[in-house]
1. Given springs between every Cα pair under 10 Å in a Gaussian network model of the chain, which of S278, S319, S14 has the largest fluctuation?
2. Taking amide H atoms as placed 1.01 Å from N in the peptide plane, list the residues 5 or more away in sequence, or in a different chain, whose amide H sits under 5 Å from that of F338.
3. Tabulate in residue order the Karplus-calculated ³J(HN,Hα) for the range 26-43, using 6.51 cos²θ - 1.76 cosθ + 1.60 with θ = phi - 60°, rounded to whole Hz; enter x for Gly and Pro.
4. Loop-only check: which chymotrypsin sites (Phe, Trp or Tyr not before Pro) in the range 40-116 are DSSP coil with at most 10 other Cβ within 10 angstrom?
5. Just in the range 298-346: which trypsin sites (Lys or Arg not before Pro) are loop by DSSP and have at most 13 other Cβ atoms within 10 Å?
6. What is the extension gain from K22 to S105, computed as 0.36 nm multiplied by their sequence separation minus the C-alpha to C-alpha distance, in nm to one decimal?
7. Once you place label points 7 Å from the Cα toward the Cβ at A204 and C98, how far apart are they in nm?
8. Across all directions of projection, what mean area in square nanometres is found for the Cα convex hull of the chain?
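All of the numbers you see were taken from the coordinates with simple rules; none came from a lab. This structure is a prediction, so every number in the text was calculated from the model and none was measured. Note that we place each Cβ from the backbone using ideal geometry, even for glycine, and neighbour counts take in every protein chain shown.
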Amino acid sequence: MSQGTLFGTGETRSILPVGLIKTLKLDVKIEPKDSPDHIKNFPMHKAPSFIGPKGFKLHEVIAVVHYLVKLHDEESPLLGKDLKEQAQVLQYMSFATCDFMNSVSDIVGCILSRVPYNKKAVEDGRKKIDEYVAILEERLVEHTYLVGERLTVADLFFATCFFRPLTLCCGTEWRAERPILMRWFNTVRKSEYISYFFDTLKLADQPILHPPKKEKKKKNGGEQQQQQQQQQKKKEKKPQQPQQQQQQQSQEVKKPKHPLEALGKSSIPIDQWKRVYSNEETRTSALPYFWKEFYNPEEWSLYKVGFKYNDELTLTFMSNNLIGGFYARLSASTKFLFGCMVVYGENNNNGIIGAFLVRGQDYKTAFDVAPDWESYEFTKLDASKPEDKAFVENMWAWDQPVIANGEKREIADGKVFK
């Protein structure tokens, strides 16, 4: 017998309920918001909403999530292991769906033109989000999760609430300034309950803070001709600038090119390799493609990149955040680099190492766009040497321990630069 129907797909508040149904393998049908059955049973069009056997109805995300988890396991630790934790789970979920999401809605409504654009509303909403994130980081600075020391629906739901901010108004720079939050978010987003939604999600590079400009309507023939005549008159009246001054202004407008652009285009664009790496199985498909089809040692070089001050590293998540910050500052060289860096070891005894593909034969031109590049040691690799080739493959596949000082160390975390 069917356990019911969930109405709502795609909306922020529906991400977790849909994930619970998929992961817990509940016999619950999923239908989109505003389907005929949804409108019939929920006139207020609330999503997510749920209708069970014998007409049992629920709306509001906290109630729906609670019911779906209990439907699978009455004693599920996802809801908290005791009364205090259960109350804290409800506390964070209420905080997320009310205070936090209200501020998010103020911003998103303006950016996506759901309501008339209001600059002050967007600015106030961003300030509120920053305040709420500070509250979360105060908790997360010494704890992995929001409640207790294991994952709960408080983490899962709050993470889904960052869907719109991180894809619209909180760009790379904003995220780099909040490593504690991003450590938690990146941990939670990989959970099987919500990874189906976040695995392919692209986060914003630059923040979007206003709706896209609308194209002006085309004028009819008479209006166009009149406008052209007016523009021509303005040009005739405008005094001509000396040629030298015009050239100088033209040079000032042009953005400076990256030095590596002087090398020209590679025979195969690096984006092609990045797509293969992202979409194919690393060992059996991506790496064979790299060596046979892509890698040309005349166009590209390979480098081992290691952090110089491993003895100063403490918690592994903080080491991983250090990599993230380094990557953010390397963004100007994205077209000329690909690589992976990993954190190996454990808390208070870990290190950072990785392998990079670099356009040309000199690493410095690509890496000195990052102010902290000198904190890393660069060693050129020779792919004709089996040990160097194996090192690159291990770094890019993440499936083998790192050999550090003759000792095997497990990989704790890492990041891909692409």
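1. Highest fluctuation of the listed residues: S278.
2. Correct list: L357.
3. For the range 26-43, the Karplus-derived couplings read 6, 7, 10, 6, 10, 10, x, 4, 6, 5, x, 5, 5, 5, 5, 8, 9, x Hz, x marking Gly and Pro.
4. Values: sites: F50, F56, Y67, Y92, F95, F100; in loops: F56.
Filter output for the range 40-116: F56.
5. Values: sites: K304, K308, R329, K335; in loops: K308.
Passing sites in the range 298-346 are K308.
6. On the way: separation 83, 0.36 × 83 = 29.88 nm, distance 2.70 nm.
Gain on stretching K22 to S105: 27.2 nm.
7. Here the answer is 2.7 nm between the modelled labels.
8. Numbers: hull surface 119.1 nm².
Over every viewing direction, the Cα hull of the chain projects on average to 29.8 nm².
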